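Read through the structure below, which is laid out as structure tokens, and then see the notes.
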Amino acid sequence: MSGYNLSHLKQLEAESIHIFREVAAEFTNPVMLYSIGKDSSVMLYLAHKAFAPGKIPFPLMHVDTQWKFKEMYSFRTLMAEKYQVNVKVWINPEGKDISNPFLHGSEKHTQVMKTDGLKQALDHYRFDAVFGGARRDEEKSRAKERVYSFRNKFHQWDPKNQRPELWNLYNAKINKGESIRVFPLSNWTEIDIWLYLLREEIPIVPLYFAAERPVVQREGTLIMIDDDRMPLRVGETPMMKKVRFRTLGCYPLTGAIESNAETVEEIVQEMLLTTTSERQGRIIDGDNSSMEDKKKDGYF
Amino acid sequence: MSDSTYRVQEEELIRGDIAGYLKRHETKDLLRLLTCGSVDDGKSTLIGRLLYDSHMIYEDQLEKVMKDSKVYGTTDESFDPALLTDGLKAEREQGITIDVAYRYFSTDKRKFIIADCPGHEQYTRNMATGASNCNLAVILIDARYGVINQTKRHSFICSLLGIKHVIIAVNKMDLVDWSEKRYEQIKDDYDAFVSRLNFSDIHFIPMSALKGDNVVARSQNLVWYEGPTFLSHLESVNISTDRNLIDMRFPVQYVLRPNLDFRGFSGTLASGVIRVSDAVASLPSRQESKIKAIYGPDGEIAEAFSPMAITVTLEDEIDVSRGNMLVPVKNIPRISNEFESMVVWMHEEKAEVGRSYLIKHATSMVPGVLSSVRYKVDVNTMTRHKQEAVLQDDTANVLELNEIGRCHITLHRSISFDPYERNRATGAFIFVDRLTNVTVGAGMILDRVVSKAKNAGPVSKNIVKNDSLVSDEDRHQLLNQKGATLWLTGLSGSGKSTIALHLERELIDMGHACTILDGDNVRHGLNRDLGFSAEDRTENIRRIAEVAHLFNDAGIIVISAFISPYIKDRQQARQVIADGFIEVFVDTPIEVCEERDPKGLYKKARAGEIPEFTGVTAPYEAPESPELTLAAAETPVEVLVDSVIEKLRKEGVIG
Ligand SMILES: Nc1nc2c(ncn2[C@@H]2O[C@H](COP(=O)(O)OP(=O)(O)O)[C@@H](O)[C@H]2O)c(=O)[nH]1
């Protein structure tokens, strides 16, 4: 019977595809949160596979903070065309053209544009299932997250009140107004994502690869000057450095690292040899509130 | 190899040939395991050690742990591996979540997913959850305390959930002076009780998780142990035979209709292998067609196997939708609206007999009733507690949170399933509460055909036998006979059918109402869902007995002509049919039967083409004291018929 074996990547792929189909079959109004990052790229690609030769039967939604990197916006347009999906963009009207991480700080900006924005969008469209690209290996508190994570009608996550999840029998029953966050990449790790991007040649935003970019050194991190909304502090001089990004978010809140890795192979090589965990570049984690609090609040 | 040289070698590979390195990692396989142990057995320490020694800890996390070790560490060592994974402990103190946590690590041979369940009150529920997707369980034993009740409980739950591979990690060997004697004693204690469980492979490893002995690196202190280290065993244990690749089962998840020319059925292959042009039936409708094409994640393919996620198209336009199951025409699972199962209850609100739940099984969600709790299992002692009353006393019929019981489930409509033991994916189900929508229980279908005769009794409290206005005597007067069943039993080719046919003719000619039940009229209708396994044969006989009983009640004489090879089945038929049961042994030697071989069956059986053929590859248990024995080999059929008629007269069935 040998020969009938799936590699771990192919097993993860099958598991994710199963989840996409299950949700599409059992919910009436699903949506995929699309953050434009590499995990979103994998998620979108898997959704495409799940329904090929048909189209993805649900829309994507990007909760836009208006402060993403320019290259992310153009990549978003490119993907919408490639996969022929409807991408809904939501910008919190209360913070639109006002919220500014340089003026208001990262915590406030993220709260208004991301957390509040997401809640508004969900209320507005009444989505009953929301795909997110979070993985269990990202953070200790996520290690016990379900694939189907139940949210009450205020979008809150109650850690005490999650449903047991056995086999691949997911429980999709909810009352009106409630929803399920679905994490099809739960069992993927950082390295799995990279291996899969490599194997399947999935496009990702070029910011992941090292290139000469204008940056300033600020509070121990390299911040890229992506547009002229960025005020320079005294003593700061923009410089060109060969850098890449490990995660992508709002450009003022995302630290770059110096690197020579121009291909996926080289990124993985660097990653394995440098041994610093991925999320370090994300300034938001340095804030006081823990990820668990953020999640209870509705942030992913 | 020590863990540090292991890491150096890895680093060289990564630096020197990254493409080759990635290629190897891309093709490795996946092992899902579960760790169980009582609080403080060293579970977190062991997992932390694995993560640390296998690259999965990044430096910034490690720095934090080193810092934490000084503050919270429970050890004198420079760093406490437990802190790497102990998100849960901190939360427990804050009263947050007590649950299953998943950890990931990998080596160049395998990727591992660890389901880590903290040990205490919620144990049964958490363990069942964690174990449901695992191939292997690691059961920790503190060498100082040896095999305790918890060890047995964990082992039982793992076995119940179908785990086949077990590692018994005898931990904290440093605290018992690395004593081989102590280790051997623990091993013997464990072996003594585990024989009752269903594991196919048990491996014992003495270790010290804290000091790293035999976890990744071979111990200098346990030189008497010659087996593999924990990690190398994890890397090499063979799990490829755990899957069922024999019974193709394809639960349809989603119907894909991108355009008018394409109608595909998407789903995950629960088991088996599917190929283009295979003849399949859609259950429960039983409409048949052939596989036209198969689409895997990378495009069109000629065959697919479990657990691939695929889409298939069919040659014919038959009715298939979500919740249906495609199976081979020649290998059909059980189709029924009721089954026996082991149930783990997972919610504070107890399970009550008579209550209705939503049952999710494969891709269907069907309302169903918990119709009885036959017994509960005491997980500490692994003994059964019989439920005294079934249905009479509702209060006795509950399952509380974390209890395990053998339950009978009755659904509003039929589903297609296999026993869990044979097929995890088509034998598992969950209970969803109809009001709160919460998952409240999990079940595993047993390899028992529901037998109503000795079973719990009627499913609904509203079914009682009606008092008839017609007495047996009334019928007797009308038909001038009593109902009875002549139960002919004997080998294939022994002459049962010939005798039955002549007997029927004779009785009708004499003016008596009678009928034949045989394979031809039963297997094609009433029992067409049954095969020839011992269980199915038993159920076949049970149903026939029930039908014969109904005929007898109506005053009709039944001639049943089935091999019915098992004594216990005929005994059961005797119980069901009661007074009118007349066992007739058609006693023809097998040599004669085989020589006659009217349907060429013996020949095929000898050639191995028919599995489980009575007399050849399956036993025939001759009756010990039948009402009548017919030496059919040397007696003409008319004489045999006469002796049966004579018997009927003697029994007062006919005048
Ligand atoms: N001496 C010794 N102590 C150990 C060993 N493994 C774990 N411990 C200690 O036992 C205690 C409980 O370990 P922990 O991993 O937290 O147990 P858990 O509750 O099963 O996760 C801690 O103080 C550990 O340092 C071992 O092999 N030898």
Counting only helical runs of four or more DSSP H residues, what would the 222 nm mean residue ellipticity of chain A come to if each run contributes -39,500 (n - 2.57) and the total is spread over all its residues? -9500 deg cm²/dmol
Quick check: the angle from helix A:38-51's long axis to the longest principal axis of chain A, C-alpha only, nearest 10 degrees? 30 degrees
Across all Cα atoms of chain B, Rg and the largest Cα-Cα distance (Dmax), in Å, are 30.8, 100
Exercise: per-residue mean of other protein chain Cβ atoms within 10 Å, A:13-19: 6
For chain B, share of DSSP beta bridges that run antiparallel, in % to the nearest 5: 65 percent
Kirkwood hydrodynamic radius for chain A: how many Å is it when counted over pairs of different Cα atoms? 20.2 Å
List A:67, A:188 from most exposed to least, where exposure is judged by having the fewest other Cβ atoms within 10 Å. A:67, A:188
For the protein assembly as shown, the Cα-Cα pair-distance distribution in 10 Å bins from 0, as whole percents, is 2, 10, 17, 20, 18, 13, 8, 5, 3, 1, 0, 0, 0
Distance violations [Cα-Cα > 32 Å] among B:164/B:211; A:119/A:140; A:49/B:23; A:108/A:144; A:173/B:292: A:173/B:292
Net charge of neighbours whose Cβ lies under 12 Å from the Cβ of residue B:638, counting Lys and Arg as +1 and Asp and Glu as -1: -1
So what's the range B:491-613 giving for Rg/Rh, alpha carbon basis, Kirkwood Rh from the mean inverse pair distance? 0.97
Here the convex hull volume per residue of the range A:173-237, taken over Cα atoms and given in Å³, is 225 Å³
Just the number, please: percent antiparallel of the DSSP beta bridges in the range B:103-238, rounded to the nearest 5. 25 percent
Whole-Å semi-axes of the range A:82-212's equivalent ellipsoid, largest first, each the root of 5 times a Cα gyration tensor eigenvalue? 26, 25, 16
Non-local amide H neighbours of residue B:485 (under 5 Å, H modeled in plane, Pro and chain starts lacking H): which ones? B:558, B:581, B:582
Once you list every other residue whose beta carbon is under 13 Å from the beta carbon of residue A:216, what net charge do they have if Lys and Arg are +1 and Asp and Glu are -1? +1
By the Kirkwood definition, with r running over pairs of different Cα atoms, the range B:188-299 has a hydrodynamic radius in Å of 19.1 Å
For every helix of n ≥ 4 consecutive DSSP H residues, a contribution of -39,500 (n - 2.57) applies; sum these over chain B, divide by its total residues, and give [θ] at 222 nm rounded to the nearest 500 deg cm²/dmol. -8500 deg cm²/dmol
Taking only Cα atoms, what is the 0 to 90° angle, nearest 10, from helix A:264-274's long axis to the longest principal axis of chain A? 70 degrees
With unit charges on the beta carbons (Lys and Arg positive, Asp and Glu negative) and the dipole taken about the Cα centre of chain B, which residue among B:326, B:613, B:652 sits farthest to the positive side? B:326
In the range B:516-610, the GluC sites (Glu not before Pro) that sit in a DSSP loop and have at most 15 other Cβ atoms within 10 Å of their own Cβ are B:609
State the antiparallel share, in %, of DSSP beta bridges confined to the protein assembly as shown, rounding to the nearest 5. 65 percent
Return the loop-located trypsin sites (Lys or Arg not before Pro) in the range B:286-358 (DSSP other than H, G, I, E, B) with at most 12 other Cβ atoms within 10 Å of their own Cβ; answer none if there are none. B:330
Over the residues of the range A:9-150, compute the C-alpha Rg and express it relative to 2.2 N^0.38 Å. 1.09
If we count every other residue with Cβ under 15 angstrom of residue B:412's Cβ, Lys/Arg +1 and Asp/Glu -1, where does the sum land? +3
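Every number in this text was worked out from the coordinates using simple rules, so none of it is lab data. Since this is a predicted model, take the numbers as computed values, not measurements. In this analysis, Cβ positions are derived from the backbone assuming ideal geometry, glycine residues included, and neighbour counts consider all displayed protein chains.
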